[in-house]
Amino acid sequence: MKIALIGYGKMGHMIEEIAWQRGHEIVCIIDVNNPEDFDSEAFSSADVAIEFTNPTAAYGNYLKAFKHHVKVVSGSTGWMKDHKADVEALTKDGQQTLFWASNFSIGVAIFEAVNRYLAKIMNGFPQYDVTMEEVHHVHKLDAPSGTAITLAEEIIENLDRKTEWVKGFQHHADGKEEGTNAVSPEKLPIASIRRDEVPGIHSIQYNSDADAITITHDAHNRKGFALGAVLAAEYTKDHTGLLTTSDLFKF
Ligand SMILES: NC(=O)C1=CN([C@@H]2O[C@H](COP(=O)(O)OP(=O)(O)OC[C@H]3O[C@@H](n4cnc5c(N)ncnc54)[C@H](OP(=O)(O)O)[C@@H]3O)[C@@H](O)[C@H]2O)C=CC1
Ligand SMILES: O=C(O)C1=N[C@H](C(=O)O)C[C@H](O)C1
């Protein structure tokens, strides 16, 4: 299939490599310096555009692609709080198509299933309180990570005693520390640590006086994210509307 790339950074490069390996053609690459290429024939010829940019650019890029009726797969995080409702309206009834996931790796899809199951079990065990920690590289612009927010939303949906997530302890890229995980019982604190070149670690801990249960997903590199994004593009070619990983990975 024909793929356009929007954003040619760490993820854009890795997706290009995996798309080639799977026999796809990259017909257009748009980065910050050539936005005019959205109006090119090459861009319009793409079956799907794969977008990995940043929290502030992502939504505008979707609109530019939609103008040419090009379907979008995007992993950019940090834009949902401002534009979730807009995207839901645009993709309603399949008028436009966006496959978005806070994390494209199959490992995280499995981890999310375990997370939902564990949260349900914990309704019967009030002695455990839950906290979350995400660790990422120092270049990351958003906190908490998109994956941490998805995991927290899943806990809130399944664990009756939690009603909202909040930012907990923060360790910034410059070493500055602030915040705390000591929050009121109905809140779920997410700690964010920025360290070196860490691709992404997410840990959920249930702690009691007697013991702790911790589940962790630790990405060794970005291959899992990139492969998932290309699989999502293959899926999106033949589907419409607002899509996500639960459409792609069924178990
Ligand atoms: N869902 C998932 O599985 C994953 C999601 N992500 C998310 O994807 C996003 C990108 O990650 P990553 O590739 O590591 O980041 P990078 O910073 O390495 O790459 C982003 C690229 O997008 C470019 N860019 C910035 N603004 C625009 C624009 N308006 N139009 C086109 N290109 C633009 C940047 O250019 P310049 O550097 O010049 O600004 C850069 O080349 C982040 O939001 C990250 O959180 C990352 C990994 C997995
Ligand atoms: O910025 C990153 O690098 C990543 N971002 C995504 C997120 O915010 O969850 C996915 C992955 O953890 C890597």
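Give, to the nearest whole percent, the P(r) tail of the chain beyond 31 angstrom, counting all Cα pairs.
Working: 8343 of 31375 pairs.
That fraction is 27 percent.
Charges only on Cβ, +1 for Lys and Arg, -1 for Asp and Glu: so what's the dipole of the chain about the Cα centre, in debye to the nearest 20? Show your work: numbers first, answer last.
Values: 23 positive and 36 negative charges, 43 e Å.
Magnitude of the dipole: close to 200 debye.
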query = In Å and whole numbers, how far do the C-alpha atoms of the stretch 1-123 stretch along each principal axis, longest first?
reply = 54, 34, 26
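Restricting to DSSP loop positions (anything but H, G, I, E, B) with no more than 11 other Cβ atoms inside 10 Å of their own Cβ, which trypsin sites (Lys or Arg not before Pro) remain in the stretch 116-186?
Hits after loop and neighbour filter: Lys176.
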message = Please give the charge dipole size of the stretch 106-220, origin at the Cα centre, charges +1 on K and R Cβ atoms and -1 on D and E Cβ atoms. Round to the nearest 20 debye.
response = 80 debye
request  = Taking H placed 1.01 Å from N in the peptide plane, check which residues at least 5 places from Ala49 or on another chain put their amide H under 5 Å from its amide H.
outcome  = Ala4, Lys71, Val72, Val73
note = Summing +1 per Lys or Arg and -1 per Asp or Glu among the other residues with Cβ less than 12 Å from Ile18's Cβ gives 0
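Excluding ligands, DNA and RNA, what is the solvent-accessible area per residue of the chain at a probe of 1.4 Å, expressed in Å²?
Numbers: 12170 Å² over 251 residues.
Here the residues of the chain average 48 Å² of exposed surface.
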task = Averaging sequence separations of C-alpha pairs under 8 Å and six or more residues apart, then dividing by the length of the stretch 106-220, give the relative contact order as a whole percent.
result = 33 percent
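Translational D (Stokes-Einstein, µm²/s) of the stretch 54-155 at 4 °C and 1.567 mPa s when Rh comes from the Kirkwood sum over C-alpha pairs?
Numbers: Rh = 15.5 Å.
The diffusion coefficient I find is 83 µm²/s.
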query = Of the accessible area of the chain, with the probe set at 1.4 angstrom, what percent is carbon plus sulfur?
reply = 52 percent
note = For the chain, averaging the sequence separation of alpha carbon pairs under 8 Å that lie six or more residues apart and dividing by its residue count, the contact order in percent is 22 percent
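Hey, can you list the DSSP H helices of the chain whose Cα span along the axis is 15 Å or longer and whose average Kyte-Doolittle score is at least -0.5?
Values: long enough: 10-21 (17 Å, -0.36); 80-91 (17 Å, -0.72); 106-121 (23 Å, 1.05); 146-158 (18 Å, 0.39); 223-237 (21 Å, 0.51).
Going by DSSP H runs, the hits are 10-21, 106-121, 146-158, 223-237.
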request  = Return the FRET efficiency for the residue pair Asp39, Leu63: r is the Cβ-Cβ distance, R0 is 22 Å, and the value is rounded to the nearest 0.05.
outcome  = 0.95
query = Which is farthest toward the positive dipole end of the chain among Thr56, Ile201, Thr97, measuring Cα position about the Cα centre, with Cβ charges +1 (Lys, Arg) and -1 (Asp, Glu)?
reply = Thr97
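The values are calculated or read from the model by the stated rules, or taken from the named source; none is laboratory data. Note that the structure is predicted; figures quoted are calculated from it, not measured. Because the Cβ atoms are built from the backbone with ideal geometry, glycine has one as well, and the counts that use them run over all protein chains shown. Only protein heavy atoms, including side chains, enter the accessible area calculation; ligands, DNA and RNA are left aside. Shrake-Rupley method; radii C 1.70, N 1.55, O 1.52, S 1.80 Å.
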